[in-house]
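Worksheet: the structure to be examined is printed underneath.
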Amino acid sequence: ALRSQSPRRAAGQPVLLNGALLRIDPDTGDGLPGNPFASSADANARRVIAYGSRNQFRFGFRPGTGELWAGDVGWNTWEEINRVADAGDGVAENFGWPCFEGNARQAGYDGANLDRCESLYSAGGQTAPYYTYNHSAKVVATDPCPTGGSSISGIAFESGSSYPAEYAGALFFADSSRGCIWAMQTVGGQPSPSRLVPFVTGVSTPVQVLTGPGGDLFYVALGSGELRRVSYAGGTNRPPVAAATATPSSGPAPLTVQFDGTGSTDPDAGDTLSYAWDLDADGAYDDSADPRPTWTYTTAAAVDAGLRVTDSHGATAATTVRVTVGTPAGLDPVPVIDTPSPALTWSVGQPVAFSGRAVDAQDGDLPPSALSWRLAIRHCAANGTCHTHNVQDVPGAAAGSFVAPDHEYPSYLQLTLTATDSTGRTGSKTIDLQPKTVTLNFTSNPGQATLTVGGTQQRTPFARTVIAGSVNSISADSPQNLPPLNLKYAFTSWAHGGARTQNVVAPATGATYQANYRLCWLLQPC
């Protein structure tokens with residue numbers, strides 16, 4: 001992580017591009033004249049206009065300005081929105097990672113007493129985030145979005161849309177873990193954290209937000225595989241919500257189905273709904289205007305029957321419900337994961353073999369070329385909310401293997417097999433694979449010393465649950481004042497040996513790590 005501070009290295013040491021924003025000539029890849037380090041002999045340094053970020057997955061320019069705004073995914077505690085005041089002003093903003101997270105010193109790196117961070121703490125000069133939100137707190141107190149896991153995943157500005165006036169110039173940002181998009185409305189022409197409102201909620205993993213034709217906001221929902229547009233209908237009317245059921249939803253031909261659209265709703269009091277059904281799936285909503293029609297299907301088919309509802313002001317919404325008649329050609333293929341068993345538990349570095357197959361109503365047994373695999377990590381917060389990191393894709397194979405990756409706990413692996421038949425229909429099967437966990441105990445002599453494990457600090461004694469085989473950073477803070485007399489102590493050794501700050505590999509059966517300290521006094525100062 002200290003590579004994000006590499007522009008502050010001594011002269012002659014190479015500059016790395018981790019955590020940096022670059023301004024380059026698109027034809028040559030060279031840094032542009034006027035960049036902050038344009039006179040450097042280091043080609044990478046000449047490209048950098050800002051640095052000190054952790055994971056800037058998304059950024060964008062504010063229309064009509066040279067301002068560059070970036071969402072930075074934090075570690076344990078904070079998400080950030082950072083602002084480069086002018087991408088061409090020759091000033092290199094340093095957003096502080098890993099020495100800072102949010103507006104505060106990052107406990108793990110502060111406790112390690114690293115020169116790169118200590119010099120930044122003493123000299124100052126880091127650029128504070130424009131806005132931060134804590135992983136355990138709501139962005140807006142009344143929003144329905146979950147807390148815990150957080151991953152800021154989209155940045156866009158309103159520009160020339162038909163949205164209400166209060167959204168003029170607003171900054172939109174998304175969080176893929178929380179499944180929400182917010183608008184930071186302006187005060188005095190500047191986006192203001194005092195005017196945050198939820199804009200879209202309940203999104204399945206929003207990973208990108210952009211403005212498009214007419215200034216409308218578009219977003220990509222990775223979890224549901226959708227690209228959606230947010231439009232304003234004008235006035236105060238809000239569109240209805242369509243809902244449909246089919247009873248029975250499957251059976252042999254002939255199959256008579258009772259449809260029901262009365263679960264459809266409209267958020268505006270007094271609005272009435274009209275119904276239009278496409279029961280033969282020909283694309284025309286001309287089969288019935290009844291809220292609860294019946295329809296008889298006489299041939300084997302998989303039919304996506306459609307309902308469109310219209311409110312009394314003309315706003316519409318549509319949905320579909322699948323009816324399966326007999327055993328039709330074209331049904332989604334059915335994949336089966338033979339190995340590993342969902343009961344398997346794994347350690348970091350453990351080889352895991354996988355195998356599977358799929359059958360299709362039309363094509364029969366599908367060949368390996370029709371199968372693809374995806375391995376992902378589900379990283380979870382303490383409250384149970386999780387987000388996904390894709391690890392590996394294996395196309396065109398009925399079998400293979402992977403090596404279990406390292407990750408912070410709590411987390412688990414998801415293995416998905418997807419089958420695609422000759423018509424392009426797909427079916428997927430996913431299993432969860434839980435890790436083997438062990439307990440690492442931390443003590444000190446004398447007791448109640450503050451130790452840093454990963455990115456958090458705690459007084460001994462305490463314990464951490466980690467994945468067997470995982471690499472964990474540990475650091476003994478020194479010097480420090482210990483209760484109950486608040487006397488100053490200096491670190492002397494770990495009972496197992498090694499440097500004051502080190503990485504340890506979690507053994508298969510757990511372990512205890514003891515930090516030893518001595519009292520600082522006149523003849524033996526810290």
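Nothing in this text is a laboratory measurement; each read-out follows from the coordinates by a stated rule. All values derive from a computational prediction rather than experimental measurement. FYI the Cβ positions are ideal-geometry reconstructions off the backbone, even for glycines, and counts take in every protein chain you see.
Sparsely packed loop sites in segment 111-199 (the GluC sites (Glu not before Pro) outside DSSP H, G, I, E and B with at most 13 other Cβ atoms within 10 Å) do not occur.
Evaluated with a Cβ-only charge set (Lys, Arg +1; Asp, Glu -1), the chain carries a dipole of roughly 2340 debye about its Cα centre, given to the nearest 20. Note that segment 369-526 shows a convex hull volume over its alpha carbon atoms of 119 Å³ per residue.
May I ask you to derive the relative contact order of the chain, considering only C-alpha pairs under 8 Å and at least 6 residues apart, and to give it as an integer percent? Present the calculation step by step, with values, prior to reporting the outcome.
On the way: 1339 pairs, mean separation 42.9, N = 526.
Across the chain, relative contact order equals 8 percent.
Each 10 Å bin from zero holds the following percent of Cα-Cα pairs in segment 245-325: 19, 50, 23, 7, 1.
Distant-in-sequence amide contacts of THR385, defined by a placed amide H-H separation under 5 Å and a gap of 5 or more residues or a different chain, comprise GLY149. Using R0 = 35 Å, the C-beta based FRET efficiency linking SER341 and VAL505 works out to 0.85. With each label modelled as a point 7 angstrom along the Cα→C-beta vector, the THR426-LEU22 pair spans 3.1 nm. Think of the chain as having a plus end and a minus end, set by charges on the Cβ of Lys, Arg, Asp and Glu; of THR299, SER162, GLY356, GLY356 sits farthest toward the positive end of this dipole.
Pull up the cross-link candidates among the aspartates and glutamates for LYS138, meaning alpha carbon to alpha carbon under 17 Å and not fewer than 8 places away within one chain. Partners within reach: GLU79, GLU80, ASP175. Annotation: average projected area of segment 135-230 is 5.7 square nanometres, based on the convex hull of Cα atoms across all directions.
Looking at segment 245-325, send over the antiparallel percent of its DSSP beta bridges, to the nearest 5. Antiparallel bridges make up about 90 percent of those DSSP assigns within segment 245-325. Straightening the chain between ALA104 and ASN76 buys 8.8 nm, computed as 0.36 nm per residue apart minus the Cα-Cα spacing.
Can you list the equivalent-ellipsoid semi-axes of the chain, largest first and in whole Å, using the square root of 5 times each Cα gyration tensor eigenvalue?
Equivalent-ellipsoid dimensions as semi-axes: 50, 33, 23 Å.
Between the alpha-carbon centres of segment 312-360 and segment 1-70 there is a gap of 43 Å. Positive contributions from Lys and Arg (+1) and negative ones from Asp and Glu (-1), summed over other residues with Cβ under 10 Å from the Cβ of GLY469, come out at 0. Both the radius of gyration and Dmax for segment 248-382 are 21.8, 61 Å, in that order, over alpha-carbon atoms.
In this structure, the amide hydrogen of GLU101, modeled 1.01 Å from its nitrogen in the peptide plane, lies closer than 5 angstrom to those of GLN106, counting only residues at least 5 positions away or on a different chain.
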